[in-house]
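What follows draws every value from the coordinates through simple rules; no lab data is involved. Computed from a prediction, not measured in an experiment: that's the story for all the values here. Cβ sites come from the backbone with ideal geometry, for glycine too, and all protein chains shown count toward neighbours.
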Amino acid sequence: MRVEEYKHEIYGCAHCTVCRDIVDHVRGWKEVCPVYKQLRFQPYTAMGHNTIALNIVEGGLKYSEELADCLYKCTTCAACEEVCKPLSAILEEVGGAELKIVLPTLSEALGIGTMLADPIPSVAILKAMRADCVDLGLDPEPIKKLASALERTHNPYGEAQEDKIKWAEGLNIPEKAKIVFFPGCEPAYRAQEIVLATAKILKSAGIEFAVLGDEWCCGNPAFDAGYIDLGERLVRHNVEVLKKAGAEKVVTTCPACYKTLKNDYPKIVGELPFEVVHISELLEDLIREGKIKPGAMREKITYHDPCQLGRVMGMYREPRAVLNAIPGLNLVEMYPTRQASWCCGAGGEVIASNPGLAVNIAMEKVPLVQETGADLLVTTCPACKRNLELAAKRKKAGYKVKDLVEVVAQSMGL
């Protein structure tokens, strides 16, 4: 079983319940697990998942459809791992970020690895159990359908491959260049306003870039769902087509694509021959270099940190730097924010397996946005945008939801 690879980490869980719900205003936490907030049952928390894993590796519990149903309700938002860093957080408070940075080195010197600084890898443990469920044929029917679509059409929606670059018709974008824009499935098929805004900004900046007609799904949905072999096939294909395109830099707008390309691809194929950047990084550079000049916008806005971009990849500053570079925008932080940001509910393929749960989680965000008095909620994730927009409509919240690139393009009059 794949979960046995994490036996050491599973035994390291203290079952302290801090990953379930915590109020820690010093560190900015209001609550932790979005699924527990909805379902109020401990097996849906990281501690619950780790307890399940412990009983599986010790032989006291067997996988079943009922157990699989529980495992596929997690959004993999990683809030549990963020709060599972008590000593690391204390050291940062006492001695600043510098002391926190040297903690892994100190732990290694003491012969205890990085256990003092690192959280229990609860998301990886969960995904290993999902992979075991797939191997046993126990994954829920919506997940089987998602995997089937990925296998047949190389995207989770079952759409035709040729339609993936339909949005680019008439834009004269080549298929070979040193900079490749990797739109990802959600923007290309379901949120074309994001890819169009991105293309317009890049063209306005004078950047020569390519899009690939043979781009497949990045692989993240397959890995999330537990279909590891399928995910690796998608990865290897994309690396080859990116090489053929002459890519030296790959730009993504989707945080899941960004995380998968940057973190997961090298684990599968080794060192990549290209750099991977998120669009917010590139936008910040273009603004600083004077290659794009946002115009004034008189709006009060707040920003939602996508889980994959924020907690997983640690990117909080860049999107805010871009927003703060737009004259007239009044950025008001909601509470909680940054590392404690409330999940949109769409991650971990919950949007596919449990769409009702996904939107209920998103609706918890509505009062947090309203408390800021913002007219516009901005995010940097197409899945977050879709689910947060749906929640706002259902709650008749009265504010708009846009992606960062849409806001920048609007400020430039594009």
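Positive-end ranking of Ile268, Pro140, Cys381 along the dipole of the chain, with charges on Cβ about the Cα centre, is headed by Cys381. Each residue, Asp375 and Asp21, gets one label point 7 Å from its Cα in the Cβ direction; the gap between the two is 3.7 nm. Of the GluC sites (Glu not before Pro) found in the range 264-313, the ones in coil according to DSSP and having at most 12 other Cβ atoms within 10 Å of their Cβ are Glu271, Glu289. Fully extending the segment from Met313 to Lys267 would add 15.0 nm, taking 0.36 nm per residue of separation and subtracting the current Cα-Cα distance.
For the range 160-286, a crude dipole built from +1 on the beta carbon of Lys and Arg and -1 on the beta carbon of Asp and Glu, taken about the Cα centre, is about 120 debye to the nearest 20. For a straight C-alpha distance cut-off of 29 angstrom, the lysines reachable from Lys395 (same-chain residues fewer than eight places away being disregarded) are Lys30, Lys37, Lys73, Lys300, Lys365, Lys385. Can you tell me how the range 253-339 classifies by the Cα gyration tensor, rounded, prolate or oblate, using a/c under 1.5 as the rounded cut? Oblate shape, in that a/c is at least 1.5 and b/c is the bigger or equal ratio. Remark: the Lys396-Met1 segment gains 137.6 nm on full extension, using 0.36 nm per residue and subtracting the alpha carbon distance.
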